[in-house]
Structures are given as structure tokens and as C-alpha cells.
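Structure first, commentary second.
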Amino acid sequence: MDTTAIRVSLFSHITPFSRFPRTLISALPTNNPNQIKYKSLSNSKLSSSLKNNAIFDEEAFEKNRLTLDAKTRELMAETSEKEMRESEEDDPKAWKWRIRKRVWDFMEANNIAQFPRPVHHRIPNFVNSPLAANKLGELEVFRAADCVKVNPDSPQKRVRFLTISGKKLLTPQPRLRTGFFSVLELQMLTPTAINEACTSVGVAKYGRPIGLDEKIKVDLIVIGSVAVDPKTGARLGKGEGFAELEYGMLRYMGAIDDSTPVVTTVHDQQLVDDIPSEKLLIHDVPVDIICTPTQVIYTNTTIPKPQGIYWEKLSPEKLGQVRILRELKKRIERETGQKLPSGPSEKLPPTALRKR
């Protein structure tokens, strides 16, 4: 990430956020494995569920998501060229953009990239991503996990499917801009809804939103990457910092700690050896395990994991993107009577261009 932070000591007296409604309907298998019958958990909850389903506008949700993604398309070429020209004296993060661009360009030029394309400014989808996901699914840390947090990007869709098929899936809304985390479990879905539930629209449609006060334990974290160093576990995302924000908020919730494994799935060509770990920032998240279509790599990383969200690294622009962070900051300041620090202003990186 290139923006984030939470000092854990600031949160000892925070009043919990109000909880969101829990699962409203449970799906119970009948004697016929091809059928599902539904059991109402309560009349009021069922009524609430039907109301929520009635007001969910799938087309409007997707249209709004694509519109938000498209707002910075015109800046993409200009911003990318500027980033490539920057010296490290002018921009200490310029080296990250050089590595990202090299990987994105290579994947496009060699047709390693898959839809959505171009992969620039994305966690890139890649050929044989399901094979990498299957290798992850064979890991003991995955098999033993009850709850797995998985990023919402395209190359990890198969990971989300494997998780939801027998575990609790925790996934964020894209860019955290439409909400926070949602929980999905198999009993919340009909058989025909499982594939859709692995998409952004499906998460919004079927998931149970949770708040920062949710009592949840995450056993494994799966994040996407643009580039990763197999020798050190150093990782680069697409540069927006949301994986680090999500990690920091899970630390704040007490859902994870230093021992929680972090895994990424990438193509073999996304493995690099020139990420200088000494230049990584305090909020950058290293990975413990890398799964590619052909191999599993244990990095034995010694890079420290972030302890929370570091407000002094969080720019006003990034704070402006994420409503739940703004609400959290106001709450902390109100409860502690102290004004939290703010990071320097920044020009946020462009979002991805989607070809139709």
C-alpha cells in the first residue's frame, strides 16, 4: 500500500459500532441433495430479509461501481508517464511503480493476462489462476481454517469459491467504498447462487455486512499481488493501499495477529527479485506463502507485519475515499479527546480501464 494506519493503544476505550443484522435465512439440505428448503429464523428477520432483497438493485449497483472506476480513466496515461519520470528523490514510491509497470506490461505483451484487461492498475488476472487457487486449497493452513479473508479481485475468484464451499468467507467491498467487510457461508446460499456470490455483486447481494465490533477470528488471509519476492515475502499491490487498510482494520478488531498466515496467488512471471525490503513502509504487508499454477513457496519472511492502521500515513484523499475510516477517526477522537494525526496530501493512483 501507499497510504494507511491505527495505533492500537488509542482503541482501548472505544465504544463498539452498532451491529448489523445477522443472517436472516438458513438453507437446510433435504433428503434430495438437489433441493434446498428454507427455514425462517424469525418472522421479523424474514420480513427484513425479504425487504432487503426487494430493494437490492443489482444493475444499479454494478453501474455505480463501473462509473466510480471510470472517473479517473482520462488521468491514467498522464499519471503513469509522470510516475515513470519521477526520481526517487521526488517520489520515494517511484521504484514501486517501475516494478508494477514492468510486470503489467510483460503480462499484457505475453498474453499471460486475462479478463478484465488491460491489467494495468489492477491486481492482474492471469492464465491458470484456478490452478494456483487449487494449490492454495491443498495447503494445511487452508484446510484447517474455519474463516478465510479473501480479496475481491478476479484472479482470486476460485479461492473465494473454494472457501465458501465449506468455510466462512470474509471479503471486503471493492475499495471499501460501498461498505466494509461481508461474511458469506454456504448455508446462506442456494446452489445456483454460489458462483454469483463469489463476485462483487454477489457479495453485496447475499453477504452479511459486519461492523468493526464484530467478534470474529480470521484463520487465514489471502491477498492479491502485482509482484512478490519469493525469497523475502516482500509484496507489491496495485498501489491503492486497500489490502493494508483491510489488514489494519482486522488487527484493530482483534481478528488477526502476527501468527495469522498471509497467502497470495500469482502467476510465476509475477515473481521478482528486485523489491528492496529495506524500502518497504511500516504498513506494507508481507506474505508467508506464495501459490502459483506450478508451485508453492514458503517465504519464511522476516519482514514485520503491520500492527494496525497508521493514521500519520493516511492522506486526506485516501480518508475521503473510505467512509468507515472517517467514521472511525471521528469516533476515536470523540472518545479519546485527542485529535489523530493525518498523513501528507497525495495524488491517488488511477483506477483501472475496463475494455468493453
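The values are calculated or read from the model by the stated rules, or taken from the named source; none is laboratory data. This one's a predicted model, so the numbers in the text were calculated from it and none came from an experiment. Cβ atoms come from the backbone with ideal geometry, glycine included; neighbour counts cover every protein chain shown. Each accessible area value is taken on the protein alone, full model and side chains, heavy atoms only, with ligands, DNA and RNA left out. Shrake-Rupley method; radii C 1.70, N 1.55, O 1.52, S 1.80 Å.
What the table shows:
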quantity: Stretch gain in nm, segment Arg323-Lys217, where the contour uses 0.36 nm per residue and the Cα spacing is subtracted; calculated: 35.8 nm
quantity: Å² of accessible area per residue within segment 267-356, as computed with a 1.4 Å probe and no ligands counted; calculated: 51
quantity: Projected label distance in nm at Thr302 and Thr336, using a 7 Å step from Cα toward the beta-carbon; calculated: 3.2
quantity: Net lengthening on full extension, Ser259/Arg143 (0.36 nm per residue, minus Cα-Cα); calculated: 40.1 nm
quantity: Gained length - Asp274 relative to Phe115, 0.36 nm times residue gap less alpha-carbon distance; calculated: 54.5 nm
quantity: Cα centroid of segment 277-356 to Cα centroid of segment 119-168, whole Å; calculated: 21
quantity: Filter on Lys96/Lys215; Lys157/Lys329; Lys167/Lys215; Lys93/Lys318; Lys101/Lys313 - keep pairs with C-alpha separation over 28 Å; calculated: Lys96/Lys215; Lys157/Lys329
quantity: Net charge of neighbours whose Cβ lies under 13 Å from the Cβ of Asp146, counting Lys and Arg as +1 and Asp and Glu as -1; calculated: +3
quantity: Surface accessible to a 1.4 Å probe, per residue, for the residues of segment 124-254, Å²; calculated: 30
